[in-house]
Each structure stands twice: as structure tokens, then as C-alpha cells.
Amino acid sequence: MKNKFLALAAFGAAALGGAIVSAPAHAQIPQGSGPTSDITVNVSVPEVLYLRTIADIDLEITAADLTGATLTPVAGTNPPALIGPNNDTAESPADSVDTASPFAGGFADPAGPGVDKTITSAYIVWSNSPTGTYDVQVDTPASGFAGPGPATVGVDVVGANPRTGIGAEGLVTATAQDITLNLVASDDNITAGSYTGVITVEAYRP
């Protein structure tokens, strides 16, 4: 009886093992065989026009801006005071001092061409303009720069203003730009001292 039981147990185990081995695997759908469907993704990138300027700048009218004659700074003066003499032997009429001003045509002559002063790296613009360009306008005060006396320093932008069609370089790379101003005294009796005014830089894309 015991042997019979062992034989039945052995037969059952063999049958169960055979069932496990012969059972079919679960059905699989490998990558690349599954269903697919496309989704259209739209990414909206905003236009950016970012302007940075310097806060202030000191421009100096030099002796050479005033005259072609020799002027010498007086030690210890700030801003420097300038002095200069000459002894002209070409007086006309004879034995009379030459009354022609050595400052005619310089900064102090309202009828002269004025002097150009460049503000190096005055502003920089980052832009991802969809047209690939942007414009810059520099506005100067119509009344000029005011100082200690009634006369003012007249100011105009040298070159094209506005500057149009400037190439947009993107939001990481950008090149700093200069501003050149033409300065001239509004009166030939302009008072020595400091003259101050504001210029406004605007970047835009029409």
C-alpha cells in the first residue's frame, strides 16, 4: 500500500511538472509593434527687446576743442583752468592788436561746426526679432545741456538717427554700440562750469 501511494505521488508530481513546462507563455507586444499616433506640439517663444545703457558719462571740452592756439592748464584747478598768451607781429593796422579771436570756429563759437564727442559702448540691445532687425532712436534735449550761466551746450546726434535695420544677434550674444554727440556753445560768452542734460535711448521694432 505504501509503495502504491509513493507511486501515485510520483506520478502526480511528474504530471504537474509537465503541465508547468507545457503551459503557453503570456502573449507580448514588443516595442515597435504597438499602435502609434502623432501629437502636434506648438511651442510659443516670446519676442524680447532688451536695452541696457550706461547710467552717466563725463565728457570734457579740451583746449584743442576751444582753439588751435596754445593753452596751458593752471596747476591745482579742477576742472582745469586754461591760460594762454601770444604776441602777434602781423597787426593790422600797424601798431594795433589783432582783434581776430583765436576761439573762432571752435566749441565756443555758435556759428562753428562744434566738436564731436563719442560715448563708447553707450548701450547694448539683446533681441530675437522675428524680422532679424531692430531700430534705435537717441533723443537729445532741444534746449541743450544746462549749466551755471544762461548759455547752454547744444547737442545733436552725429550720424543716422534713428539707426534702422540693426541686426538682431539673439538673447545671449549682442554688441555694444557707441553714441557720438556734436556739442557747441549756444553763446560765445558761455560760462565756465559743468553742464548737464539727459539723452534718451529707445530700442524698438516697427
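The values are calculated or read from the model by the stated rules, or taken from the named source; none is laboratory data. Just so it is clear, the structure is predicted and the values come from calculations on it, not from any experiment. Using ideal geometry, Cβ is built from the backbone for each residue, glycine included, and neighbour counts are taken over all protein chains shown. The protein model used for the area step is the full one, side chains on, heavy atoms only, and it has no ligands, DNA or RNA in it. Shrake-Rupley method; radii C 1.70, N 1.55, O 1.52, S 1.80 Å.
Some observations on this one:
- Identity of the residue in region 85-105, open to solvent by less than 60 Å² (accessible area, probe 1.4 Å) and on the phi < 0 side of the Ramachandran plot, that ends up modelled with the lowest pLDDT: ASP88
- Listed conditions (1) buried (at least 16 other Cβ atoms within 10 Å of the Cβ); (2) more than 18 Å from the chain's Cα centre (by Cα) are all met by ALA142, apart from (1).
- Some residue of region 106-114 being open to solvent by 60 Å² or more (accessible area, probe 1.4 Å), of a type outside the set (Gly, Ala, Ser) and either in contact with a Phe, Trp or Tyr (Cβ under 7 Å, 6 or more places away or on another chain) or modelled with pLDDT of 95 or more (or both): yes
- Scanning region 115-139 for residues that are surrounded by 17 or more Cβ atoms within 10 Å (Cβ to Cβ) and either under 14 Å from THR62 (Cα atoms) or in contact with a helix residue (DSSP H, G or I) (Cβ under 7 Å, 6 or more places away or on another chain) (or both) turns up VAL115, LYS117.
- Of PRO35, PRO46, PRO24, all but one fail to be closer than 30 Å to ARG205 by Cα and either modelled with pLDDT of 95 or more or open to solvent by 100 Å² or more (accessible area, probe 1.4 Å) (or both); the exception is PRO46.
- Elements of type strands (runs of 3 or more DSSP E) in region 121-206, at least 1 residues being within 25 Å of ALA104 (Cβ to Cβ): 152-157, 177-185
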